[in-house]
Amino acid sequence: MEKIEIKIERETFKALKNMDVIKLIEKNLPKVEKTLQADREVFLLEKKKKLEEKLKEIEGELEELKVFYQKATEDKELMLTLREKLREENEELKKELEEKKLEISNKT
């Protein structure tokens with residue numbers, strides 16, 4: 001059992017000295033339990049509120065990440081399409097260059 005230390009004023013101590021402290025504690029124990037329970041409920045409600053706020057914040061960040069990911073995926077697809085188009089264009093230009101080189105070399 002843990003030790004409980006209660007500090008009270010001298011006058012209160014003198015008044016309690018003549019009383020049965022155990023009975024007094026037992027009489028007030030239900031009130032103390034209700035107070036502790038109420039304090040615990042307040043604490044838990046505050047914690048719940050903070051956790052709900054944090055959850056909303058995380059959900060907002062998740063939504064931002066989803067939008068970012070979608071945009072990045074679209075950009076990647078666009079870049080791949082553009083790269084393929086440029087590759088084809090480059091091949092055509094190389095062919096044209098080779099043909100012109102052949103024409104020039106055939107003329108000479």
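The values are calculated or read from the model by the stated rules, or taken from the named source; none is laboratory data. The structure displayed is predicted, hence computed values, not measured ones. We place every Cβ from the backbone using ideal geometry, glycine too, and count neighbours over all the protein chains shown.
Considering every residue within region 67-75, establish whether at least one is in a helix (DSSP H, G or I), free of Cβ contacts under 8 Å to residues at least 40 places away in the same chain, of a type in the set (Lys, Arg) and surrounded by fewer than 10 Cβ atoms within 10 Å (Cβ to Cβ). Reasoning before the result, please.
Just the residues of region 67-75 that are in a helix (DSSP H, G or I), to begin with: 67-75.
Filter once more, keeping what is free of Cβ contacts under 8 Å to residues at least 40 places away in the same chain: 67-75.
Still in the running and of a type in the set (Lys, Arg): 71.
From what's left, surrounded by fewer than 10 Cβ atoms within 10 Å (Cβ to Cβ): none.
There is no residue in region 67-75 that is in a helix (DSSP H, G or I), free of Cβ contacts under 8 Å to residues at least 40 places away in the same chain, of a type in the set (Lys, Arg) and surrounded by fewer than 10 Cβ atoms within 10 Å (Cβ to Cβ).
What do you reckon, is residue 24 of a type outside the set (D, E, K, R) and modelled with pLDDT of 90 or more? Before the answer, list the steps.
Working: of a type outside the set (D, E, K, R): yes; modelled with pLDDT of 90 or more: no.
Judged against the criteria, residue 24 is not a match.
Name the single residue that is farthest from residue 4 (Cα to Cα) among those in region 23-79 being among the β-branched types (Val, Ile, Thr) and over 22 Å from the mean Cα position of the chain (by Cα).
It comes out as 73.
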